[in-house]
Every structure is written in C-alpha cells, then in structure tokens.
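Below is one structure; the comments refer to it alone.
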Amino acid sequence: MFAISLGDDDAELRPLEPWQAEELLAHMDRGREFVGQHIALPDFVADLDSARAYLTSYAEKAANDAGRLYGIWTEGTLVGGVLFRTFDAANGTAEAGCWLEPSAAGKGLITRACRVIIDWAIEERGIHRVEWLASSENGPSIAVARRLGMSREGVLRENYLYRGTRSDTEVWAVLAPEWRAAKAAAAS
C-alpha cells in the first residue's frame with residue numbers, strides 16, 4: 001500500500017480499504033459527535049458490519065472509477081479522511097469531501113490531503129471540475145474550499161434534510177485552468 005506524506009508532522013494519506021473496518025469504526029467512535037455535526041458518515045458507520053459495508057462501497061466505486069476514499073493518519077492513527085464522493089472521468093467532474101475527528105482539527109490536514117487528491121484528479125486523470133458541497137453552517141469546510149482556491153457558485157436552499165432539520169448547501173468548485181494557474185503562482 002502507498003502512503004503519501006502530508007508534511008513534516010508525520011501525517012500520511014493512504015487508501016482506506018475494507019480490511020480496515022475496525023480501524024475506521026474506532027476512529028468514528030472517537031469523533032462521532034464532532035463528525036456528525038454536518039455529515040451523515042457517523043450514521044453510516046455505526047458498527048463493524050456497517051463500517052465494512054461503507055468501505056466496500058468505496059472499493060467498488062474505485063473499481064468502477066466512480067469514487068475514491070483515502071484516510072489521513074497521524075502517528076499511525078486514523079484521524080480523518082478525504083474522498084471523491086463522485087468521480088466521472090468521462091465528463092471530467094468530481095465531488096471532493098472530507099471529515100476529521102476533533103483531535104486532528106485545526107492542523108491543515110484536510111487542506112493538505114485535498115490538494116494531493118485534487119492535483120491527482122486534474123493532472124493525472126484529466127478532471128476539469130472539482131466540486132465541494134458544504135453546509136452553510138460548516139465554517140471549517142467552507143474555509144477549506146477557500147484555501148483550495150475554489151469559487152462559491154451558489155447556495156442550494158434547504159436542500160439537505162439531516163437528522164430532521166433542513167439546511168442550506170453551499171456549492172464551491174475549482175476548474176482545471178484555475179487550479180493550474182494557482183499552482184504556477186504559488187511556485188513562482
């Protein structure tokens with residue numbers, strides 16, 4: 001299995017696969033309330049069987065070139081993840097997303113990990129548009145979209161029913177030419 005360093009703080013990005021279901025469940029148990037503030041992942045990963053099913057669904061997406069799932073580890077412990085919830089190489093579009101347990105928040109891990117996967121999608125796979133959907137109430141996720149150079153394209157008003165409450169979803173995106181221009185500007 002490969003591991004990509006995310007910097008000098010021992011953080012790594014690795015594939016997150018079905019055989020790691022126990023590790024995913026333990027991670028989710030540590031951050032269930034925090035992660036579940038805005039996304040339903042903790043509801044999908046409630047026990048070992050559901051953790052395995054979730055990871056298997058992404059293994060199938062990867063096999064069908066329709067999605068990807070990666071974990072973020074610090075000091076050997078799974079603390080979060082990034083993913084392509086959707087991945088459509090034929091149309092050149094993908095939707096990136098993330099989650100993180102509270103012990104790892106505020107360290108730039110999500111931004112660094114997303115830079116790796118977005119760069120791969122654009123440069124290696126020819127993806128033209130990477131989208132980011134976030135609850136309007138999820139300030140940290142919106143901040144990541146900004147740091148990634150994404151543009152806010154609009155708000156889907158009360159489109160997301162989560163735990164009995166409707167919330168707005170902000171739509172952010174970056175296009176391949178914008179991504180490359182920002183990379184070139186950062187390198188100079």
Contact order normalised by residue count of the stretch 63-137, Cα under 8 Å, 6+ apart, percent: 27
Calculated FRET efficiency for the pair LEU156/SER103, C-beta based, R₀ 35 Å, to 0.05: 0.65
Spin-label model distance (nm) - ASP29 vs ARG146, 7 Å beyond Cα toward Cβ: 3.7
The chain: DSSP helices with Cα axial extent of at least 18 Å and average Kyte-Doolittle hydropathy no lower than 0.5: 109-123
Sequence-separation-based contact order of the chain, relative, with Cα cut under 8 Å and 6+ spacing, percent: 16
Extension gain from LEU48 to ARG163, taking 0.36 nm per residue of separation minus the Cα-Cα distance: 39.2 nm
For the stretch 114-188 versus the stretch 16-58, the gap between their alpha-carbon centres in whole angstrom: 23
DSSP beta bridge pairing in the stretch 81-167, given as percent antiparallel to the nearest 5: 70
Rg and Dmax [Cα atoms of the chain; Å; Rg one decimal, Dmax integer]: 15.9, 49
Surface accessible to a 1.4 Å probe, per residue, for the residues of the chain, Å²: 50
Solvent-accessible area, 1.4 Å probe, carbon plus sulfur percent, for the chain: 51
For the stretch 101-175: rounded, prolate or oblate by the Cα gyration tensor [a/c cutoff 1.5]: oblate
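The values are calculated or read from the model by the stated rules, or taken from the named source; none is laboratory data. As the structure is a prediction and not an experimental result, all values here were calculated from the model. Every residue, glycine as well, gets a Cβ built from its backbone with ideal geometry; the counts of neighbours run over all protein chains shown. Heads up: the accessible areas ignore ligands, DNA and RNA and are worked out on the full protein's heavy atoms, side chains in. Shrake-Rupley method; radii C 1.70, N 1.55, O 1.52, S 1.80 Å.
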